[in-house]
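I have placed the structure first, in the form of structure tokens, so that the comments after it can refer back to it.
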Amino acid sequence: MLYNTNTLDAFKATDKKALLEKEAKEIWDAIQTGAALKNPSILCRFILLTFADLKKYHFYYWFCFPALCFPDGLKMIQPPVSLEQVFSPRQ
């Protein structure tokens, strides 16, 4: 997602945390609705916030890859097992 600002003040004033949360919510919604299973490229989102001062040739940018994190207190349903215990050598 590209967000291009018209002024340096707008670039600096942009709420980067809100942009990140919005993109992360869209990723989570795609997972919950199953849209990510049909189109996995939905999960590869990124944010690019830019401003270009063309008179002075100064370019400002902020680049981010949103990532989902597990919540604290994640409970394991069963202990992990190695693949050798689940599958035969032939599999």
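Carbon and sulfur together cover what percent of the accessible area of the chain at a 1.4 Å probe radius?
Carbon and sulfur together cover 62 percent of it.
Mind checking the full-extension length gain between residue 72 and residue 56? Use 0.36 nm per residue of separation minus the Cα-Cα distance, one decimal, nm.
1.1 nm
I want to make sure I understand the PRE zone here: with the label point 7 angstrom from the Cα of residue 8 toward its beta carbon, which residues in segment 27-61 have backbone N atoms less than 16 Å away?
50-61
Using a cut-off of 16 Å between alpha-carbon atoms, which lysines can reach residue 25, once sequence neighbours fewer than 8 places away in the same chain are excluded?
The qualifying lysines are 16, 17.
If you fit an axis through the alpha-carbon atoms of helix 16-33 and take the longest principal axis of the Cα set of the chain, what angle between them do you get, 0 to 90°, nearest 10?
40 degrees
How much accessible area per residue does the chain have, counting only protein heavy atoms and a probe of 1.4 Å, in square angstrom?
88 Å²
Please work out which option in [x] 25, 16, 12; [y] 22, 16, 12; [z] 41, 15, 13 gives semi-axes √(5λ) of the Cα gyration tensor in Å calculated from these coordinates, and answer with its label.
Recomputing semi-axes √(5λ) of the Cα gyration tensor in Å here picks out [z].
Would you compute, from DSSP H runs of 4+ residues alone, the mean residue ellipticity of the chain at 222 nm, taking -39500 (n - 2.57) per run and dividing by the full residue count, rounded to the nearest 500?
-9500 deg cm²/dmol
The values are calculated or read from the model by the stated rules, or taken from the named source; none is laboratory data. All values derive from a computational prediction rather than experimental measurement. We place every Cβ from the backbone using ideal geometry, glycine too, and count neighbours over all the protein chains shown. Note: areas computed on protein heavy atoms with side chains; ligands, DNA, RNA excluded. Shrake-Rupley method; radii C 1.70, N 1.55, O 1.52, S 1.80 Å.
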